[in-house]
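Below you'll find the structure, written out as structure tokens, and then a few comments.
The values are calculated or read from the model by the stated rules, or taken from the named source; none is laboratory data. Not measured: the values here are computed from a predicted model. Cβ sites come from the backbone with ideal geometry, for glycine too, and all protein chains shown count toward neighbours. Only protein heavy atoms, including side chains, enter the accessible area calculation; ligands, DNA and RNA are left aside. Shrake-Rupley method; radii C 1.70, N 1.55, O 1.52, S 1.80 Å.
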Amino acid sequence: KAYKIDSSMRNELLDLYKILSPFKEVPEVLKSLKEKNYKLAILSNGTPTLLNQLVKSNNLDNLFDDLFSIEEVGIYKPDSKVYDIPIKKYNIQKNEVAFLSANTWDVSGGGNYGYNSIWVNRNNNIFDNLDFKPKIQITDLKQLLPNIESR
């Protein structure tokens, strides 16, 4: 409503989510992380069908260990039940997770939960006025590689 978008376009706009493409460096960085034996997962408010479709259509399905959807717990992020999903699945501690997002609310939610939240700030934006500010901010995923190559 804020942008005065015709409601008849709703389905068409939502269908565009199904054909999103990754940023140029994403496949290369994911492959590098996978080669270092990092667990790679998506934790999304999206549906399992959408997540599977996006990953397959971009030829990334062999890189992710898991595609976690909020449908597993029936509530949206930033509820802690969502952030619990990978912790329970992998039997790990919260601080063992590097959690990346371009959404400030999600970075804040993950950080408040106990993840090592990293803000992917591709457009040099200002972080929203939230109760958690990430210690690490990157402009693209390639900035992760120097940190992992020393391992």
Of all residues in the stretch 1-29 being in contact with a helix residue (DSSP H, G or I) (Cβ under 8 Å, 6 or more places away or on another chain) and of a type outside the set (Asp, Glu), which is farthest from Lys88 (Cα to Cα)?
Ile5
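A quick yes/no check of all residues on (1) open to solvent by less than 70 Å² (accessible area, probe 1.4 Å); (2) within 21 Å of Asn45 (Cα to Cα); (3) of a type in the set (S, T, N, Q); (4) touching a Pro at 6+ places or on another chain (Cβ under 9 Å):
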| site | (1), (2), (3), (4) |
| --- | --- |
| Ile75 | yes, yes, no, no |
| Ile92 | yes, no, no, yes |
| Asn95 | no, no, yes, no |
| Lys135 | no, no, no, no |
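Confirm whether Asn121 is farther than 20 Å from Ser80 by Cα and modelled with pLDDT of 95 or more. Steps first, answer last, please.
On the way: farther than 20 Å from Ser80 by Cα: yes; modelled with pLDDT of 95 or more: yes.
The answer is yes for Asn121.
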Identity of the residue in the stretch 9-38, without any contact (Cβ under 8 Å) to a residue 40 or more places away in the chain and open to solvent by 100 Å² or more (accessible area, probe 1.4 Å), that ends up farthest from Leu145 (Cα to Cα)
Arg10
Would you say Leu40 is more than 17 Å from Val97 (Cβ to Cβ) and not charged (D, E, K, R)?
no
